[in-house]
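Data first, discussion second: the structure below is written as structure tokens.
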């Protein structure tokens with residue numbers, strides 16, 4: 001049952017961290033809306049998602065190919081984002097709103 | 001029934017993963033691809049329109065923050081339900097699932113309040129592209145909440161009868177994903193203004 | 001097995017959970033839709049060869065109806081023929097058998113996926129009959145053509161098109177998850193991932209690629225539907241949206257989709273090739289890695305479809321490079337097949353003939369793909385019949401030659417009998433000849449500048465000289481359709497008249513040949529074990545020239561019984 005104990009070791013602690021992270025991001029948003037603060041808020045969101053993924057969905061005890069799947073999926077979405085930035089964000093090389 | 005030993009032993013498979021959990025992982029992957037595609041599209045269009053920051057300031061931050069808290073707590077409830085199944089406490093697991101459903105209802109109620117408020121303020125899905133994205137993304141997420149609630153009611157009934165206890169984990173994994181999506185939607189649509 | 005063999009007709013043949021019945025349902029639906037898609041091809045080719053004339057069996061095609069015909073030809077052939085037959089049909093039939101499972105991992109989900117697919121079939125057929133006609137925005141459904149009603153004049157046809165495609169995606173997501181879980185999790189003892197038959201590998205990678213690529217398009221299609229139905233502006237520049245966004249989302253799925261179709265086809269070819277060349281596959285691991293790397297690369301090539309769309313010109317170079325790069329794994333793959341043929345004792349059956357033809361024809365498709373892939377050349381030939389000829393030289397071999405090869409090969413596992421080889425050769429010769437007659441002229445037409453979406457080429461001065469080629473191509477497509485008559489007859493007649501096949505008529509090695517033909521409910525008489533890799537042909541020494549994967553090593557059994565059991 002070692003795997004089971006690993007599962008349940010720290011649900012309340014993880015939850016506490018998640019709530020604290022939410023509080024921090026709210027405080028940051030109240031302070032300012034500058035780009036650095038926004039970046040920090042998204043960094044915190046990523047950490048929160050990572051905690052839920054590893055401890056609540058138990059990615060930490062899954063076999064390796066599931067981890068590869070998660071990384072691959074994120075890579076696919078990153079590629080989609082990078083490929084579209086020049087066309088959709090910068091709108092380079094064509095007339096806009098024509 | 002509390003201490004019963006009726007815990008489903010998953011069928012042996014060629015990997016250490018039972019079929020159900022494997023399938024849920026792939027299902028979650030397809031969901032992430034859908035939401036991910038939508039979020040990527042939103043981020044790209046938003047970066048092209050810096051003026052959207054002003055639109056985003058009309059979303060109700062407090063409601064979004066409370067909803068984040070509601071979903072986080074519901075995630076804790078559903079992961080505790082899974083733990084209860086592993087300990088053989090099926091009755092408790094069933095109750096925790098229904099607790100999660102209650103949190104889902106609270107979430108939807110707050111969301112409904114927000115929609116009402118925003119529609120009254122004149123922000124409809126066709127007001128401008130920001131609001132189109134807002135209603136599309138939160139609406140799609142809300143549908144996933146509803147779907148998860150229906151699944152959890154069904155699972156809580158069957159697990160009370162001692163059947164399909166492995167499904168608690170599956171429905172929990174799905175619910176956590178819905179939570180993760182909200183974790184990103186909240187700063188994307190509310191905080192970044 | 002939790003469920004016994006069903007008794008009633010409905011549970012056994014219609015709402016069946018048996019993967020073999022579901023496979024047949026997918027295949028027969030797909031073949032029926034192929035007839036419809038073929039008829040549309042005949043209609044549009046006739047219009048191009050004799051513009052404005054009344055077409056036998058259809059009448060005169062108005063220009064906007066021509067748009068619908070072209071759109072639905074492409075849509076049906078990709079989503080309602082290639083996907084159900086190659087991915088779902090063969091996948092359902094073979095993946096459980098090849099890994100030695102008694103059924104799919106989730107039989108009831110499997111039934112659900114077929115019936116969702118069936119519903120989508122009804123919707124797409126219904127879209128012909130709504131006011132305004134079927135969708136006319138091309139199979140790519142680019143906005144603004146698809147984004148507003150007034151752009152193409154089609155309202156409900158386009159909405160139903162989106163709905164049908166969405167249902168189809170749902171069906172194949174469910175089916176894909178099922179296939180992935182079955183292929184990875186349900187392997188018999190002794191079968192490592194490196195002992196999987198090539199078909200299972202290719203089916204797995206194809207399903208994974210589909211699952212990862214389709215998500216953004218589902219999101220994009222929802223946005224398109226909202227644009228049409230509620231007046232949002234996701235793709236409308238006037239509202240701050242961007243039509244190029246849809247093109248990107250479409251091709252981000254659309255190009256991997258090509259490989260989703262290609263990989264199962266290559267898997268079928270690999271199985272057929274080994275069985276009839278009596279040799280082990282050349283470079284099994286190399287092939288698997290080439291498939292995996294092609295799957296990865298397929299996510300970074302999509303924008304080569306958009307070189308003339310207003311794409312950022314700085315993107316043309318990287319996407320040209322990746323496009324040309326992705327030909328490398330497929331070249332490796334095909335060279336491994338060709339190397340398998342080297343010094344082989346080839347048995348010329350119809351299935352083998354289709355596979356060999358597919359290698360040759362697909363090479364033409366691949367090489368012209370490299371031409372299209374380089375941006376400079378593509379700007380000249382984009383949207384011309386050169387491109388049409390190119391992708392038909394890839395897709396027709398993939399979808400039809402590989403399917404025919406697979407059907408002739410696995411017909412015993414579908415219906416317990418063998419198909420007639422004589423009729424099969426007629427079918428093969430006709431298909432091969434008329435396919436080339438149809439599409440070789442189109443390369444020339446394309447280089448003359450013939451745009452792919454015009455209903456009447458004769459209104460252009462510079463295309464009038466090409467009318468002879470148009471007629472030649474149309475004769476080709478009529479011949480191609482006529483060549484399918486012996487196949488259709490053969491397919492149905494062999495169910496009752498074909499020679500009973502026995503367990504292993506082709507003396508092949510993989511697990512599906514360990515069971516009866518057709519396999520009973522639950523597939524195998526007894527649990528199987530894999531003792532070796534999938535392709536042990538012509539081992540050194542005396543004795544038969546194949547050792548099945550499921551045959552225990554010689555020392556475990558007396559040699560005589562070991563061989564007679566598998567041969568019986």
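If we keep just the residues of the stretch C:346-356 that are over 16 Å from the mean Cα position of the chain (by Cα) and in a helix (DSSP H, G or I), which is farthest from residue C:420 (Cα to Cα)?
Our first condition is that a residue be over 16 Å from the mean Cα position of the chain (by Cα); within the stretch C:346-356, this holds for C:346-353, C:356.
Okay, now just the ones that are also in a helix (DSSP H, G or I), so C:350-353, C:356.
Values: C:350: 9, C:351: 11, C:352: 14, C:353: 14, C:356: 19 Å.
Filtering first and then ranking leaves C:356.
Which ones in the stretch C:430-466 are in a helix (DSSP H, G or I), within 27 Å of the chain's Cα centre (by Cα) and surrounded by fewer than 15 Cβ atoms within 10 Å (Cβ to Cβ)?
Keep residues of the stretch C:430-466 that are in a helix (DSSP H, G or I), which gives C:430-448, C:457-459, C:461-466.
Cutting the leftovers down to within 27 Å of the chain's Cα centre (by Cα) gives us C:430-446.
Across the stretch C:430-466, the qualifying residue is only C:433.
If you go through the stretch C:487-512, how many residues are within 24 Å of residue C:281 (Cβ to Cβ) and not in a helix (DSSP H, G or I)? I'd like the intermediate steps shown before the answer.
From the stretch C:487-512, those within 24 Å of residue C:281 (Cβ to Cβ) are C:501, C:503-512; that's our starting set.
Checking which are not in a helix (DSSP H, G or I) leaves us with C:501, C:503-510.
Result for the stretch C:487-512: 9.
Any idea which of C:394, C:349, C:355, C:384 is more than 14 Å from every other protein chain (Cβ to nearest Cβ), at pLDDT 95 or above and in contact with a strand residue (DSSP E or B) (Cβ under 8 Å, 6 or more places away or on another chain)? Lay out the reasoning, then the answer.
Numbers: C:394 fails: in contact with a strand residue (DSSP E or B) (Cβ under 8 Å, 6 or more places away or on another chain); C:349 fails: in contact with a strand residue (DSSP E or B) (Cβ under 8 Å, 6 or more places away or on another chain); C:355 fails: in contact with a strand residue (DSSP E or B) (Cβ under 8 Å, 6 or more places away or on another chain).
Just a single option satisfies the conditions, and that option is C:384.
Residues are listed down the side, and each one gets a yes or a no for (1) within 14 Å of chain A (Cβ to nearest Cβ); (2) within 23 Å of the chain's Cα centre (by Cα); (3) surrounded by fewer than 24 Cβ atoms within 10 Å (Cβ to Cβ); (4) in contact (Cβ under 8 Å) with a residue 24 or more places away in the chain:
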| position | (1), (2), (3), (4) |
| --- | --- |
| C:246 | yes, no, no, yes |
| C:266 | no, yes, no, yes |
| C:269 | no, yes, no, yes |
| C:273 | no, yes, no, yes |
| C:278 | no, no, yes, yes |
| C:292 | yes, yes, yes, yes |
| C:308 | yes, no, yes, yes |
| C:319 | yes, no, yes, yes |
| C:331 | no, yes, yes, yes |
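Looking at the structure I just gave you, is residue C:199 in a loop (DSSP other than H, G, I, E, B), over 25 Å from residue A:91 (Cβ atoms) and more than 14 Å from chain B (Cβ to nearest Cβ)? Can you show your working first?
Working: in a loop (DSSP other than H, G, I, E, B): no; over 25 Å from residue A:91 (Cβ atoms): yes; more than 14 Å from chain B (Cβ to nearest Cβ): yes.
Taking the combined requirement at face value, the residue does not satisfy it.
Scanning for something in a helix (DSSP H, G or I) and under 15 Å from the mean Cα position of the chain (by Cα), does the stretch B:111-128 turn up at least one residue?
Narrowing the stretch B:111-128 to residues in a helix (DSSP H, G or I): B:111-120.
Now restrict to residues that are under 15 Å from the mean Cα position of the chain (by Cα): B:111.
So far as the stretch B:111-128 goes, yes, one or more of its residues are in a helix (DSSP H, G or I) and under 15 Å from the mean Cα position of the chain (by Cα).
Which of (1) at pLDDT below 95; (2) closer than 30 Å to residue C:464 by Cα; (3) in contact with a helix residue (DSSP H, G or I) (Cβ under 7 Å, 6 or more places away or on another chain) is the odd one out, the single condition residue C:73 does not satisfy?
In the conditions (1) at pLDDT below 95; (2) closer than 30 Å to residue C:464 by Cα; (3) in contact with a helix residue (DSSP H, G or I) (Cβ under 7 Å, 6 or more places away or on another chain), residue C:73 misses (1) alone.
Any idea which residue in the stretch C:150-163 is modelled with the lowest pLDDT, counting only those that are surrounded by 24 or more Cβ atoms within 10 Å (Cβ to Cβ) and part of a helix (DSSP H, G or I)?
We begin by selecting, within the stretch C:150-163, every residue surrounded by 24 or more Cβ atoms within 10 Å (Cβ to Cβ); these are C:152, C:154, C:157-158, C:161.
Adding the requirement that they be part of a helix (DSSP H, G or I) leaves C:152, C:157-158, C:161.
On the way: C:152: 79, C:157: 93, C:158: 94, C:161: 96.
Taking the candidates together, the pick is C:152.
Within the stretch C:222-236, can one find any residue that is away from chain B (no Cβ under 14 Å), under 26 Å from the mean Cα position of the chain (by Cα) and either crowded, with 21+ Cβ neighbours inside 10 Å or in a helix (DSSP H, G or I) (or both)? Please lay out each step first, then the result.
From the stretch C:222-236, those away from chain B (no Cβ under 14 Å) are none; that's our starting set.
No; the residues of the stretch C:222-236 include none that is away from chain B (no Cβ under 14 Å), under 26 Å from the mean Cα position of the chain (by Cα) and either crowded, with 21+ Cβ neighbours inside 10 Å or in a helix (DSSP H, G or I) (or both).
Every residue, every condition in (1) within 13 Å of chain A (Cβ to nearest Cβ); (2) within 12 Å of the chain's Cα centre (by Cα); (3) modelled with pLDDT of 95 or more, yes or no:
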| site | (1), (2), (3) |
| --- | --- |
| B:145 | no, yes, yes |
| B:152 | no, yes, yes |
| B:166 | no, no, no |
| B:173 | yes, yes, yes |
| B:181 | yes, yes, yes |
| B:186 | yes, no, yes |
| B:190 | yes, no, no |
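Just to check your reading of the model, which residue among C:91, C:30, C:57 is on the phi > 0 side of the Ramachandran plot, in contact (Cβ under 8 Å) with a residue 12 or more places away in the chain and in contact with a helix residue (DSSP H, G or I) (Cβ under 9 Å, 6 or more places away or on another chain)? Can you show your working first?
Details: C:91 fails: on the phi > 0 side of the Ramachandran plot; C:30 fails: on the phi > 0 side of the Ramachandran plot.
Only one candidate qualifies: C:57.
Which of the residues that make up the stretch C:470-492 are crowded, with 21+ Cβ neighbours inside 10 Å and over 30 Å from residue C:422 (Cβ atoms)?
Result: C:470, single match.
Restrict the check to the stretch C:2-10 and report whether at least one residue is in a helix (DSSP H, G or I) and surrounded by fewer than 21 Cβ atoms within 10 Å (Cβ to Cβ). Lay out the reasoning, then the answer.
Within the stretch C:2-10, the subset in a helix (DSSP H, G or I) is C:9-10.
From the residues that got through so far, the ones that are surrounded by fewer than 21 Cβ atoms within 10 Å (Cβ to Cβ) too are C:9-10.
Yes, there is a match, as at least one residue in the stretch C:2-10 is in a helix (DSSP H, G or I) and surrounded by fewer than 21 Cβ atoms within 10 Å (Cβ to Cβ).
So is residue B:38 buried (at least 16 other Cβ atoms within 10 Å of the Cβ) and assigned to a helix (DSSP H, G or I) or not? Break it down stepwise before answering.
Numbers: buried (at least 16 other Cβ atoms within 10 Å of the Cβ): yes; assigned to a helix (DSSP H, G or I): yes.
Against the criterion (buried (at least 16 other Cβ atoms within 10 Å of the Cβ) and assigned to a helix (DSSP H, G or I)), residue B:38 qualifies.
Does residue A:42 count as under 17 Å from residue B:47 (Cβ atoms), facing another protein chain (nearest Cβ under 8 Å) and not in a helix (DSSP H, G or I)?
Details: under 17 Å from residue B:47 (Cβ atoms): yes; facing another protein chain (nearest Cβ under 8 Å): yes; not in a helix (DSSP H, G or I): no.
When the stated conditions are applied, residue A:42 does not pass them.
Only one of B:101, B:79, B:70, B:43 is in contact with a helix residue (DSSP H, G or I) (Cβ under 8 Å, 6 or more places away or on another chain) and away from chain A (no Cβ under 13 Å). Can you tell me which? Outline the logic, then answer.
On the way: B:79 fails: away from chain A (no Cβ under 13 Å); B:70 fails: away from chain A (no Cβ under 13 Å); B:43 fails: away from chain A (no Cβ under 13 Å).
Checking each option against the conditions leaves just B:101.
Inside the stretch A:48-70, can you point out the residues that are under 12 Å from the mean Cα position of the chain (by Cα) and free of Cβ contacts under 8 Å to residues at least 12 places away in the same chain?
A:49, A:50, A:54
Quick grid of which residues meet (1) within 14 Å of chain C (Cβ to nearest Cβ); (2) surrounded by fewer than 16 Cβ atoms within 10 Å (Cβ to Cβ):
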site	(1), (2)
A:37	no, no
A:46	no, yes
A:51	no, no
A:57	no, no
A:72	yes, no
A:75	yes, yes
A:84	yes, no
A:89	yes, no
A:92	yes, yes
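What do you reckon, is residue A:77 within 17 Å of the chain's Cα centre (by Cα), outside the structural domain of residue A:10 (by TED's automatic domain parsing), in a helix (DSSP H, G or I) and at pLDDT 90 or above?
Working: within 17 Å of the chain's Cα centre (by Cα): yes; outside the structural domain of residue A:10 (by TED's automatic domain parsing): yes; in a helix (DSSP H, G or I): yes; at pLDDT 90 or above: yes.
Taking the combined requirement at face value, the residue satisfies it.
The values are calculated or read from the model by the stated rules, or taken from the named source; none is laboratory data. From a predicted model like this one, the values you see are computed outputs, not experimental measurements. FYI the Cβ positions are ideal-geometry reconstructions off the backbone, even for glycines, and counts take in every protein chain you see.
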